[in-house]
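Student: Got a structure here, written out as structure tokens. Questions coming.
The values are calculated or read from the model by the stated rules, or taken from the named source; none is laboratory data. Predicted model, so just to flag it, every value in this text is computed and none were measured. Neighbour counts run over all protein chains shown; Cβ positions are idealised from the backbone, glycine included.
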Amino acid sequence: MRGPGVLPTLIGHWRVGLIGGALSLSAYGITIWAMTQAPIALVAALRETSVLFAIAIGVVWLKEPLRRERLVAGGLILGGVVLSHWG
């Protein structure tokens with residue numbers, strides 16, 4: 001939808017939007033704070049682990065197939081976390 005026609009739809013969901021926005025802002029703040037406490041490469045690699053949680057949620061709760069592409073992506077992320085920790 002576009003224009004003012006979308007407003008009636010959004011009015012019923014303002015609480016969820018407000019909570020989502022607050023959580024997103026908090027996550028960004030925590031990330032910025034973490035970058036002041038630890039090497040940026042390590043924080044960035046750990047931030048990417050959210051993709052692993054998304055894969056798990058998709059497979060477990062949404063019953064999506066665990067395809068080879070997802071396994072490869074998850075393996076690359078884990079490899080990046082390990083390498084950034086050793087580096």
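Student: Taking the condition of being closer than 12 Å to Val81 by Cα and among the β-branched types (Val, Ile, Thr), how many residues in segment 41-66 meet it?
Tutor: 2
Student: Testing Met1 on (1) part of a loop (DSSP other than H, G, I, E, B); (2) modelled with pLDDT of 90 or more, one condition comes back false. Which one is that?
Tutor: (2)
Student: In addition: Assuming His85 fulfils every condition listed in (1) free of Cβ contacts under 8 Å to residues at least 24 places away in the same chain; (2) out of contact with any Ser or Thr (no Cβ under 7 Å at 6 or more places or on another chain); (3) surrounded by 10 or more Cβ atoms within 10 Å (Cβ to Cβ) apart from one, which condition is it?
Tutor: Every listed condition holds for His85 apart from (1).
Student: Still on this structure, I have one more. Looking at Arg47, Arg70, which is the one that is surrounded by 12 or more Cβ atoms within 10 Å (Cβ to Cβ), among the charged types (D, E, K, R) and more than 13 Å from the chain's Cα centre (by Cα)?
Tutor: Every option except Arg70 fails the conditions.
Student: Hey, another quick one. Scan segment 24-43 for residues that are surrounded by fewer than 15 Cβ atoms within 10 Å (Cβ to Cβ) and in contact (Cβ under 8 Å) with a residue 24 or more places away in the chain and report the count.
Tutor: Here the count works out to 2.
Student: Just wondering, is there one or more residues in segment 6-20 that are within 16 Å of the chain's Cα centre (by Cα) and surrounded by 10 or more Cβ atoms within 10 Å (Cβ to Cβ)?
Tutor: So far as segment 6-20 goes, yes, one or more of its residues are within 16 Å of the chain's Cα centre (by Cα) and surrounded by 10 or more Cβ atoms within 10 Å (Cβ to Cβ).
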